[in-house]
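Everything on this sheet refers to the single structure shown next.
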């Protein structure tokens with residue numbers, strides 16, 4: 001091959017490599033952009049007076065006197081809305097029955113949206129559900145709710161050849177000629193006066209307990225449960241994985257059929273779907289060994305430990321093999337035993353690679369959902385004390401992300417919580433991977449002196 005051909009091939013491979021990097025970067029931007037943008041919305045947003053009421057009444061945080069003064073001003077701004085409703089209901093009561101039937105459903109829909117925006121009407125009994133005791137706590141949701149007040153939505157199925165078409169009509173047309181008609185211009189014009197939005201940094205989203213299925217509060221139990229499961233899995237997998245790697249590299253007889261079988265089993269376990277580990281953990285740890293009465297952090301940690309065990313073994317084995325053979329020979333020539341050589345020479349030299357594999361395994365354990373569905377995770381719960389992890393299940397970020405996105409009855413109203421959980425989990429995994437890189441570089445510098 002002549003020099004010109006080599007240069008051409010090098011340029012082609014360089015171009016392909018650069019293009020691949022650019023495509024990967026673009027893909028990350030497309031995927032991570034919405035996660036970062038909407039995930040930050042769980043921490044930084046325009047909170048309404050309803051949000052400040054929640055913080056004061058449910059969490060005991062805030063200035064009570066300032067909130068009471070603000071509430072009086074807000075009540076004055078909302079008073080015309082309630083007066084218009086009362087006047088319209090009095091008009092219906094005095095009117096014919098046909099008029100009451102005509103406006104029954106539109107009025108109920110309107111009152112439902114107004115209660116969702118502003119909270120319970122004055123003088124009404126306190127609702128049972130916590131979510132019904134407050135209006136919209138976030139300004140973006142309040143504006144969306146205001147839009148539902150101004151416009152009525154229905155689907156047009158007149159054309160059978162296509163799906164239903166969403167049609168939006170002004171509600172003012174439904175109540176034209178009534179005393180309620182001015183309400184539909186008053187609410188959008190005085191929305192800020194009725195809710196008082198203010199920029200809020202809700203850093204305690206990471207530590208607060210959730211109330212009413214994540215309508216209020218934060219993700220403290222989920223984050224703590226993820227830490228419990230991850231640390232438990234590492235405590236189980238690391239000793240077994242490192243000892244197994246030591247045996248395979250230093251003590252196992254080369255070419256042995258048993259060793260070959262063990263390596264095949266390790267490779268097979270590394271490729272087993274995670275849902276299989278979850279079913280195995282349920283059948284073995286809970287139903288057979290009975291490590292806990294039912295789901296528990298302990299059972300979930302053992303299951304996750306089995307999941308990441310092949311990764312720890314592979315990482316430790318490769319790290320030990322990468323240590324120069326001269327280190328081992330020098331120690332043995334000075335009279336050290338094989339075990340002492342391993343503990344005092346080979347393992348310290350292989351420590352950067354072992355730690356890297358451990359921390360990356362922690363990232364995988366933190367993000368797994370299927371293994372903990374059957375063994376450890378619940379949808380809602382309180383933060384667990386350390387001694388409760390042996391018998392009690394826990395919320396966890398991966399499972400709660402799936403649960404909120406697929407099973408929550410008000411999925412659109414808590415979308416910021418879902419993105420906040422995803423953003424937190426991504427940051428957690430990135431932090432673990434960054435820690436692995438930092439530890440590897442630092443320990444390598446120390447070993448080089």
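Any read-out appearing in this document is the output of simple, stated calculations on the displayed coordinates, not a laboratory observation. Note that the structure is a prediction, hence the values are computed from the model and not measured. Positions of Cβ are backbone-derived with ideal geometry, glycine not excepted, and every protein chain shown enters the neighbour counts.
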Could you work out the relative contact order of the chain? I mean the mean sequence separation of Cα pairs under 8 Å and 6+ apart, divided by the number of residues, in percent.
18 percent
Cα-based helix-to-principal-axis angle, 3-40 vs the chain, degrees rounded to 10:
40 degrees
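Could you put 424, 344 in order, starting from the residue whose Cβ has the fewest other Cβ atoms within 10 Å? All intermediate terms of the calculation are to be shown ahead of the outcome.
Working: 424 22, 344 12.
Placing the least packed residue first, the sequence is 344, 424.
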Taking other Cβ within 10 Å of each residue's Cβ, how do 355, 427 sort, fewest first?
427, 355
Rounded to a whole number of µm²/s, how large is the Stokes-Einstein D of the range 220-448 at 10 °C and 1.306 mPa s, given Rh as the Kirkwood radius over C-alpha pairs?
83 µm²/s
Antiparallel DSSP beta bridges within the chain, as percent of all bridges there, nearest 5
90 percent
Which whole-angstrom value gives the distance between the alpha carbon centres of the range 385-417 and the range 127-158?
24 Å
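Rounded to the nearest 0.05, what FRET efficiency is calculated for residue 63 and residue 206 with R0 set to 22 Å and r the Cβ-Cβ distance?
0.45
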Label-point separation, residue 157 to residue 439 (7 Å along Cα→Cβ), nm:
5.8 nm
List the relative contact order of the range 220-448 as a percent without decimals, with contacts defined as Cα pairs under 8 Å and 6+ residues apart.
30 percent
Pulled fully out, how much extra length does the chain show between residue 327 and residue 7, if you take 0.36 nm times their separation in residues and subtract their Cα-Cα distance?
111.1 nm
Per the Kirkwood definition applied to all pairs of different Cα atoms, how many angstroms is the hydrodynamic radius of the range 1-81?
18.3 Å
Distance in nm between pseudo-label sites at residue 36 and residue 126 (7 Å out along the Cβ direction from Cα)
4.4 nm
Would you mind telling me which residue in 158, 333, 267 has the biggest mean-square fluctuation in a Gaussian network model of the chain, where springs connect alpha carbons within a distance under 10 angstrom?
158
Given a Förster distance of 30 Å, report the FRET efficiency between residue 253 and residue 231 from their Cβ-Cβ distance, rounded to the nearest 0.05.
0.25
Which angle from 0 to 90°, rounded to the nearest 10, does the C-alpha axis of helix 257-270 make with the longest principal axis of the chain?
20 degrees
In what order do 199, 139 fall by count of nearby beta-carbon atoms within 10 Å, going from fewest to most?
199, 139
Most fluctuating of 417, 74, 343 in the GNM of the chain (C-alpha, under 10 Å) is 343
Could you work out the relative contact order of the range 47-200, using alpha carbon pairs under 8 angstrom and six or more residues apart, expressed as a whole percent?
33 percent
Largest fluctuation, 144, 396, 299 only, Gaussian network model of the chain with Cα springs under 10 angstrom, belongs to 144
Under the classification rounded if a/c is under 1.5, otherwise prolate if a/b is larger than b/c and oblate if not, where does the range 307-362 fall, given a ≥ b ≥ c as square roots of the Cα gyration tensor eigenvalues?
prolate
Rg ratio (alpha-carbon, reference 2.2 N^0.38 Å) - the chain:
1.37
Which parts of the range 381-416 would a label at residue 431 reach, counting a residue when its backbone N lies under 14 Å from a point 7 Å out along Cα-to-Cβ?
397
With everything on Cα atoms, drop me the angle between helix 220-246 and the longest principal axis of the chain, reported from 0 to 90° to the nearest 10.
10 degrees
Report the FRET efficiency, 1/(1 + (r/R0)^6), for residue 289 and residue 385, where r is their Cβ-Cβ distance and R0 is 30 Å, rounded to 0.05.
0.80
